[in-house]
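*Asks:* If you scroll down you'll find the structure; I have some questions about it.
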Amino acid sequence: MAGPPGRGGAGSYSPGGAPSGGGRPPRAEAETGPGARERILEAAREEFAERGYDKTSVRGIAKAAGVDPALVHHYFGTKDEVFAAAIEVSFEPALVLPAILGEGKDGVGERLARYFVGVWENPVSRAPLLAILRSALTHEAAAKVLRGFVLRRMLERIAADLDVPDPKFRAELAASHMIGIAILRYVVQVEPLATVDPEEIVSMVAPTLQRYLTEA
């Protein structure tokens with residue numbers, strides 16, 4: 001006769017992501033299979049977009065994704081880490097940074113401006129980004145995640161790879177310029193910036209970003 005269930009609980013997972021023995025019975029493959037992480041991340045993007053940072057919970061993300069909350073913790077850890085992952089999906093730094101930096105200093109301001117405006121103009125990425133930006137304006141935890149990603153993982157790396165003095169300061173200047181545009185165009189919707197052609201924004205902003213990131 002089998003003994004009583006173990007005490008591993010729902011939060012005990014093997015390194016591969018499948019629940020370990022003990023506790024609850026194994027969950028369906030649809031919940032713990034290879035697509036679970038992607039479903040959780042997509043649900044997180046939608047939850048943050050609809051509810052904002054403060055009202056979004058790990059439990060709510062799990063419910064929207066159709067998984068146990070323990071699986072969210074397994075893949076991402078805390079809510080802050082889920083939030084950071086949602087930002088990364090929107091910006092895709094692993095794909096974008098080589099394209100921005102690959103051609104050297106010449107034209108880097110235009111490539112960065114075009115990429116940034118393009119991300120915001122895409123309706124799919126705009127909704128979660130709006131939630132991220134609004135949350136960062138009112139919640140320190142969200143602001144910390146945004147600073148860490150946009151500055152350290154993107155702009156500071158760009159400035160450092162371009163080998164210019166004070167790369168962190170230059171990255172902050174570039175970030176202030178682009179985030180300011182995002183707030184006025186997409187959050188506050190100040191005219192005429194809110195409805196001007198994106199190409200006009202790129203052409204006006206690119207020289208300033210070029211100067212921030214390349215001039216000695």
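The values are calculated or read from the model by the stated rules, or taken from the named source; none is laboratory data. Here the structure is a predicted model, which is why all the values come from computation and not from measurement. Virtual Cβ from ideal backbone geometry, glycine too; neighbours counted across all protein chains shown. We work out accessible area using only protein heavy atoms, side chains counted, and drop any ligands, DNA or RNA first. Shrake-Rupley method; radii C 1.70, N 1.55, O 1.52, S 1.80 Å.
*Asks:* Holding the Cα-Cα limit at 25 Å, pick out from Lys55/Lys144; Lys105/Lys144; Lys55/Lys168 the pairs that are longer than that. Intermediate values should be presented prior to the final figure.
*Replies:* Working: Lys55/Lys144 17 Å; Lys105/Lys144 29 Å; Lys55/Lys168 32 Å.
The pairs that break the limit, which is 25 Å between Cα atoms, are Lys105/Lys144; Lys55/Lys168.
*Asks:* Then there's this: Ignoring ligands and nucleic acids, what accessible area does Phe169 show with a 1.4 Å probe (Å², nearest 10)?
*Replies:* Looks like 120 Å² after rounding.
*Asks:* If you don't mind, there's one more thing I want to ask. I want to make sure I understand the PRE zone here: with the label point 7 angstrom from the Cα of Glu140 toward its beta carbon, which residues in region 45-76 have backbone N atoms less than 15 Å away?
*Replies:* none
*Asks:* Can you tally the net charge around Leu193? Count Lys and Arg as +1, Asp and Glu as -1, for every other residue whose Cβ sits under 10 Å from the Cβ of Leu193. Don't jump to the answer; show the numbers that get you there.
*Replies:* Details: positive: Arg185; negative: Glu191, Glu200.
Neighbour charge sum, excluding Leu193 itself: -1.
*Asks:* Which whole-number value in Å² is the accessible area per residue of region 151-216, probe 1.4 Å?
*Replies:* Working: 3660 Å² over 66 residues.
Result: 56 Å² of accessible area for each residue.
*Asks:* Quick one: length gained pulling Lys105 to Glu121 fully straight, 0.36 nm per residue minus the C-alpha distance?
*Replies:* Values: separation 16, 0.36 × 16 = 5.76 nm, distance 2.51 nm.
Between Lys105 and Glu121, full extension yields an extra 3.2 nm.
*Asks:* Follow-up question, since we're still on this one. Starting from the 7 Å offset along Cα-to-Cβ, what nm value, one decimal, do you get for the label separation of Arg211 and Ile179?
*Replies:* In this crude label model, Arg211 to Ile179 measures out at 2.2 nm.
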